[in-house]
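Chemist: Have a look at this one before I ask anything.
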Amino acid sequence: MATKKKVNKIVTPIDQRETFVSLQKNMADTDSIAMEQKLRTLYRIQQTDTKIDKIYLLRGELPLEVQDLEDEIAGLHTRIANVKAEIKDIEKVNADHKHTIEESKHLVAKYEAQRDSVKNNREYESISKEIEYQDLEQQAAAKKIRENEALASEKKQVLEDAQKELTVREANLVEKKKELDTIVEETAKEEAALLKEREELVGQIDERMMVAYTKVRANAHNKLAVVTVSRDACGGCFNKIPPQRRLDIAESKKIIVCEYCGRILVSPAFEQE
């Protein structure tokens with residue numbers, strides 16, 4: 001029994017470098033009614049994105065300031081933990097030095113008792129050298145203790161400064177978060193509605209057009225990728241548009257791209273609607 005040969009469907013990959021200029025060429029044969037609907041939908045997406053941008057603009061630099069403060073606080077916690085560990089290590093070393101001094105004193109007392117009962121000069125000199133050596137050991141340990149105490153004092157000052165700075169930063173963070181939360185709460189409902197609206201609109205546009213839209217919008221200083229004609233000029237870069245192109249734009253039968261800035265130009269009627 002013959003079997004049907006499976007036909008693999010060829011899917012054209014989306015070029016992330018897609019621009020409105022390339023779309024203008026590739027979608028030249030699109031049905032005029034369908035094209036007008038695409039342009040209207042794309043313009044609505046731009047309008048929705050502009051409203052969302054205004055909400056984010058209202059928040060200003062607060063999200064970044066909150067993030068910076070959180071990073072600084074995390075860094076301060078790390079610094080404080082490291083300084084505390086260093087102080088602890090210094091105190092441990094000093095404890096060892098103090099133990100060395102105590103052992104040395106014990107040995108000195110032992111050697112001095114032995115020296116009092118020696119029977120010849122050789123034993124006396126040998127014990128005296130041991131006592132001298134132990135005295136030097138005590139002096140060296142005492143010097144190390146003083147140096148480490150000075151270093152520990154510096155570390156404690158660094159720790160105190162870091163803890164004060166942490167207290168200030170944490171207070172600032174609470175204030176900034178409260179301010180940001182207030183703004184977010186005031187705009188959350190509107191933002192959610194706009195994001196839902198945008199998602200529904202994006203679902204009506206093919207992926208290639210959205211890739212081009214996103215690319216042009218990211219490179220535009222005012223984040224406008226789709227603009228109307230205003231006073232016979234591009235609404236994005238304000239360069240004049242020839243009369244024939246203005247007629248083509250008004251008909252909305254094909255993609256018209258501004259030759260100066262690469263934005264899609266749509267009919268002023270879209271804005272009025």
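The values are calculated or read from the model by the stated rules, or taken from the named source; none is laboratory data. Every value quoted in this text rests on a predicted model; they were computed, and no experiment measured them. Cβ sites come from the backbone with ideal geometry, for glycine too, and all protein chains shown count toward neighbours.
Chemist: Give Gln67, Gln46 a once-over and let me know the one that is at pLDDT 90 or above, of a type in the set (S, T, N, Q) and in contact with a strand residue (DSSP E or B) (Cβ under 7 Å, 6 or more places away or on another chain).
Modeler: Details: Gln67 fails: in contact with a strand residue (DSSP E or B) (Cβ under 7 Å, 6 or more places away or on another chain).
The unique qualifying residue is Gln46.
Chemist: From the list Leu194, Leu224, Leu180, which one is in contact (Cβ under 8 Å) with a residue 40 or more places away in the chain, over 30 Å from Leu39 (Cβ atoms), buried (at least 16 other Cβ atoms within 10 Å of the Cβ) and under 27 Å from the mean Cα position of the chain (by Cα)?
Modeler: On the way: Leu194 fails: over 30 Å from Leu39 (Cβ atoms); Leu224 fails: over 30 Å from Leu39 (Cβ atoms).
None of the others qualify; the one that does is Leu180.
Chemist: Could you list all residues from region 181-230 that are in contact with a helix residue (DSSP H, G or I) (Cβ under 7 Å, 6 or more places away or on another chain) and acidic (Asp, Glu)?
Modeler: Once the filter is applied, which keeps residues that are in contact with a helix residue (DSSP H, G or I) (Cβ under 7 Å, 6 or more places away or on another chain) and acidic (Asp, Glu), region 181-230 yields Glu190, Glu191, Glu197.
Chemist: Taking the stated definitions as given, is Val168 touching a helix residue (DSSP H, G or I) at 6+ places or on another chain (Cβ under 9 Å), β-branched (Val, Ile, Thr) and in the same structural domain as Asp68 (by TED's automatic domain parsing)? Working first, answer last.
Modeler: Details: touching a helix residue (DSSP H, G or I) at 6+ places or on another chain (Cβ under 9 Å): no; β-branched (Val, Ile, Thr): yes; in the same structural domain as Asp68 (by TED's automatic domain parsing): yes.
Criteria not met by Val168.
Chemist: What is the number of the single condition among (1) at pLDDT below 95; (2) surrounded by 14 or more Cβ atoms within 10 Å (Cβ to Cβ); (3) of a type in the set (Asp, Glu) that Glu61 does not meet?
Modeler: Evaluating Glu61 over (1) at pLDDT below 95; (2) surrounded by 14 or more Cβ atoms within 10 Å (Cβ to Cβ); (3) of a type in the set (Asp, Glu) leaves (2) as the failure.
Chemist: So if I check each of Ala113, Ala85, which one is of a type in the set (A, V, I, L, M), over 20 Å from Asp161 (Cβ atoms), free of Cβ contacts under 8 Å to residues at least 40 places away in the same chain and exposed (fewer than 14 other Cβ atoms within 10 Å of the Cβ)? Even if it seems obvious, please write down each step before you answer.
Modeler: Details: Ala85 fails: over 20 Å from Asp161 (Cβ atoms).
Of the residues listed, the single one that is of a type in the set (A, V, I, L, M), over 20 Å from Asp161 (Cβ atoms), free of Cβ contacts under 8 Å to residues at least 40 places away in the same chain and exposed (fewer than 14 other Cβ atoms within 10 Å of the Cβ) is Ala113.
Chemist: Now for a separate question. Somewhere in region 76-99, is a residue of a type in the set (Val, Ile, Thr), under 29 Å from the mean Cα position of the chain (by Cα), at pLDDT 90 or above and within 30 Å of Glu191 (Cα to Cα)?
Modeler: Taking region 76-99 as the starting set, the residues that turn out to be of a type in the set (Val, Ile, Thr) are 78, 80, 83, 87, 90, 93.
Next cut, under 29 Å from the mean Cα position of the chain (by Cα) only: 78, 80, 83.
Now drop any that are not at pLDDT 90 or above, which leaves 78, 80, 83.
Checking the rest, the ones that are also within 30 Å of Glu191 (Cα to Cα) come to none.
No.
Chemist: Checking Ser252 against (1) out of contact with any Lys or Arg (no Cβ under 7 Å at 6 or more places or on another chain); (2) surrounded by fewer than 18 Cβ atoms within 10 Å (Cβ to Cβ); (3) at pLDDT below 90; (4) farther than 15 Å from Ile45 by Cβ: exactly one of these is not met. Which one?
Modeler: Of (1) out of contact with any Lys or Arg (no Cβ under 7 Å at 6 or more places or on another chain); (2) surrounded by fewer than 18 Cβ atoms within 10 Å (Cβ to Cβ); (3) at pLDDT below 90; (4) farther than 15 Å from Ile45 by Cβ, only one is false for Ser252: (2).
Chemist: Here is a further query. Give Glu103, Glu91, Glu86, Glu72 a once-over and let me know the one that is within 30 Å of Lys176 (Cβ to Cβ) and in the same structural domain as Ile145 (by TED's automatic domain parsing). Spell out how you get there, then give the answer.
Modeler: Values: Glu103 fails: within 30 Å of Lys176 (Cβ to Cβ); Glu91 fails: within 30 Å of Lys176 (Cβ to Cβ); Glu86 fails: within 30 Å of Lys176 (Cβ to Cβ).
Exactly one of Glu103, Glu91, Glu86, Glu72 is within 30 Å of Lys176 (Cβ to Cβ) and in the same structural domain as Ile145 (by TED's automatic domain parsing), namely Glu72.
Chemist: When you go through (1) buried (at least 16 other Cβ atoms within 10 Å of the Cβ); (2) in contact with a helix residue (DSSP H, G or I) (Cβ under 7 Å, 6 or more places away or on another chain) one by one for Gly236, which number turns out not to apply?
Modeler: Checking Gly236 against (1) buried (at least 16 other Cβ atoms within 10 Å of the Cβ); (2) in contact with a helix residue (DSSP H, G or I) (Cβ under 7 Å, 6 or more places away or on another chain), the one that fails is (2).
Chemist: Only residues that are closer than 18 Å to Ala192 by Cβ, in contact with a helix residue (DSSP H, G or I) (Cβ under 8 Å, 6 or more places away or on another chain) and of a type outside the set (Lys, Arg): list them for region 39-75, please. It would help to see each step written out before you state the result.
Modeler: Going through region 39-75, the residues closer than 18 Å to Ala192 by Cβ turn out to be 44-45, 47-59, 63.
Right, trim to in contact with a helix residue (DSSP H, G or I) (Cβ under 8 Å, 6 or more places away or on another chain) and you get 44-45, 48-49, 51-52, 55, 58-59, 63.
Listed by number, the residues that qualify are Ile45, Thr48, Asp49, Ile52, Ile55, Leu58, Pro63.
Chemist: All but one of (1) part of a loop (DSSP other than H, G, I, E, B); (2) at pLDDT 90 or above hold for Asn222; which doesn't?
Modeler: The number of the failed condition is (2).
Chemist: Pull out all pairs, ordered by first then second residue, where Cβ-Cβ is under 9 Å, the residues are six or more apart or on different chains, the first lies in region 24-41 and is in the same structural domain as Ser252 (by TED's automatic domain parsing), and the second is among the hydroxyl-bearing types (Ser, Thr, Tyr) and modelled with pLDDT under 65.
Modeler: If the second residue must be among the hydroxyl-bearing types (Ser, Thr, Tyr) and modelled with pLDDT under 65, the pairs left are Lys38/Thr30.
Chemist: For region 240-267, name all the residues that are over 12 Å from Leu39 (Cα atoms) and assigned to a helix (DSSP H, G or I).
Modeler: Passing the criteria: Pro243, Gln244, Arg245, Arg246, Leu247, Asp248.
Chemist: Another question, if that's okay. Does Lys144 satisfy the condition of being free of Cβ contacts under 8 Å to residues at least 60 places away in the same chain, charged (D, E, K, R) and surrounded by 13 or more Cβ atoms within 10 Å (Cβ to Cβ)? Full working, then the answer.
Modeler: Numbers: free of Cβ contacts under 8 Å to residues at least 60 places away in the same chain: yes; charged (D, E, K, R): yes; surrounded by 13 or more Cβ atoms within 10 Å (Cβ to Cβ): yes.
Taking the combined requirement at face value, the residue satisfies it.
Chemist: Could I ask something else about it? Out of (1) acidic (Asp, Glu); (2) over 19 Å from Glu36 (Cα atoms); (3) under 36 Å from the mean Cα position of the chain (by Cα); (4) assigned by TED's automatic domain parsing to the domain that holds Thr48, what's the single condition that is false for Glu207?
Modeler: (2)
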